[in-house]
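Read the structure below first, then the notes.
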Amino acid sequence: MGLTEWAYSLSESLLSEPLPRRWAHSLGVAKRARALAPIMGDEAELLEAAAVLHDIGYSPAIALTGFHPLDGARFLREHEGADERVVRLVAHHSCALLEAEERGLRQELEGEFELERPALVDALLYCDMTTTPDGTQTTPTERLAEIVERYGPETIVARFIQRAAPEIHSAAKRVEARLARTSAGSQPM
């Protein structure tokens, strides 16, 4: 079984029944990752696998700390023996260090999981922040507003996402610039 086939199967087993909307979002994020294949080169499969797995830490079957990037990455490492790069991308997806800081878990996250290559981190962030909870395409601005509205403006998630907004917008611009360069004839990242 290849990396992406394994990733889809695992994510589906953890999310589709208990959290169907989270599963739809994960499928949408993976679809966005596939669309980035022209700029990802040899790392396209890695990105797609991380994209479909990025939210498995929400699954009631594996959620322990209540912080899904940490729970998902620990599960992948300890129970699945997953590719370390996939584990690191899941651990650090979408500015997770800022949310970890809000939750008092930053040292744990940083201590356990190294950051992945910035271009990959940007790409996964872009895929996540341009996908609605239902799996359809959106803009980072609309996604950020939706998150604040869904969780409430005074929650940990809303505080973190508002702090992360400048980096989310910057990452989106970097990815879109790479896409524009590639469509103009440049090489992958």
*Accessible area in square angstrom per residue, the chain, 1.4 angstrom probe*: 46 Å²
*With each pseudo-label sitting 7 Å past Cα toward Cβ, what's the THR141-ARG34 distance in nm, one decimal?*
2.9 nm
*For LEU89, LEU19, LEU97, write out the residues from largest to smallest accessible area, computed with a 1.4 angstrom probe and no ligands counted.*
LEU19, LEU97, LEU89
*Once the other residues with Cβ under 12 Å from the Cβ of VAL175 are scored (Lys, Arg +1; Asp, Glu -1), what is the net sum?*
+2
_Nearest-20 debye value, the chain charge dipole, Cβ charges on Lys, Arg, Asp, Glu_ = 540 debye
*For THR131, which sequence-distant residues (separation of 5 or more, or a different chain) have an amide H within less than 5 Å of its own amide H, given hydrogens modelled in the peptide plane?*
THR138
*Any chance you could run the full-extension gain for SER16 through GLU101? It's 0.36 nm times the residue separation minus the Cα-Cα distance, nm to one decimal.*
27.7 nm
_Computed [θ] at 222 nm, deg cm²/dmol, the chain (DSSP H ≥ 4; -39,500 (n - 2.57); rounded to nearest 500)_ = -21500 deg cm²/dmol
*Is the shape of the stretch 100-148 rounded, prolate or oblate, going by the alpha carbon gyration tensor and its root eigenvalues a ≥ b ≥ c, with a/c under 1.5 for rounded and a/b larger than b/c for prolate?*
oblate
*Round to a whole number: what % of the accessible area of the chain belongs to carbon and sulfur, probe 1.4 Å?*
52 percent
*For GLU176 paired with GLU84, estimate the spin-label separation in nm (one decimal), with each label point 7 Å from Cα along the Cα-to-Cβ line.*
3.6 nm
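The values are calculated or read from the model by the stated rules, or taken from the named source; none is laboratory data. Keep in mind it's a predicted model, so treat the numbers as computed, not measured. All Cβ positions, even for glycine, are placed from backbone atoms using ideal geometry, and neighbour counts span all protein chains on display. Side chains included, ligands, DNA and RNA excluded: accessible areas come from the protein's heavy atoms. Shrake-Rupley method; radii C 1.70, N 1.55, O 1.52, S 1.80 Å.
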